[in-house]
Amino acid sequence: MSNNDQEPEAENAVLMMRDLGLDGFMEQMGHLQTSLDKVGQGMESLGSSVVRQGTDTENLAAHVLALESLMAVIIRQIPVDTAEVRREANRRANASRTHGERTNSVVADLAEDIIKRADH
């Protein structure tokens, strides 16, 4: 077949698609593909952000555990008054940006737990 034979076939295919209304469908499919590509890029960006936040959270947890370990050793050597620690924890929680009795309770409970675990 020569190029001249293929051109009428291509033209016929285009005319047939237009007559069947498929040219609009194909255009919509192209738009859909573009939209799906954008969604895929957004999902990839979101995944990268989640991985980065997971790493940051692990780093924060490691710092908290290191500080708790340090405090446990210090508390074993220097006894502390649990009631005084609870008051100080409540004072600091009240002074922080997050207010509320629940925050105070959690901070004080965690501080008291560190003291109790240091005794073991």
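So if I check each of 72, 66, which one is of a type in the set (A, V, I, L, M) and in contact with a Lys or Arg (Cβ under 7 Å, 6 or more places away or on another chain)?
Checking each option against the conditions leaves just 72.
Out of 38, 116, which single residue is farther than 30 Å from residue 14 by Cα and of a type in the set (D, E, K, R)?
116
Taking residue 93, is it surrounded by 10 or more Cβ atoms within 10 Å (Cβ to Cβ) and at pLDDT below 90?
yes
Among the residues of region 56-72, are any among the hydroxyl-bearing types (Ser, Thr, Tyr), under 38 Å from the mean Cα position of the chain (by Cα), over 15 Å from residue 114 (Cβ atoms) and surrounded by 10 or more Cβ atoms within 10 Å (Cβ to Cβ)?
Scanning region 56-72, I find at least one residue that is among the hydroxyl-bearing types (Ser, Thr, Tyr), under 38 Å from the mean Cα position of the chain (by Cα), over 15 Å from residue 114 (Cβ atoms) and surrounded by 10 or more Cβ atoms within 10 Å (Cβ to Cβ), so the answer is yes.
Pairs only if they're at least six apart or on different chains, beta carbon under 6 angstrom, first in region 44-68 and modelled with pLDDT of 90 or more, second surrounded by 10 or more Cβ atoms within 10 Å (Cβ to Cβ); list them, first residue then second.
From residues that are modelled with pLDDT of 90 or more, the pairs are 68/114.
Please verify whether region 72-91 includes one or more residues that are under 18 Å from residue 107 (Cα atoms) and outside any helix (DSSP H, G or I).
Checked region 72-91: at least one residue is under 18 Å from residue 107 (Cα atoms) and outside any helix (DSSP H, G or I).
The values are calculated or read from the model by the stated rules, or taken from the named source; none is laboratory data. These numbers were taken from a predicted model, which means no experiment stands behind them. Please note: Cβ atoms are built from the backbone with ideal geometry, for glycine as well, and neighbour counts cover all protein chains shown.
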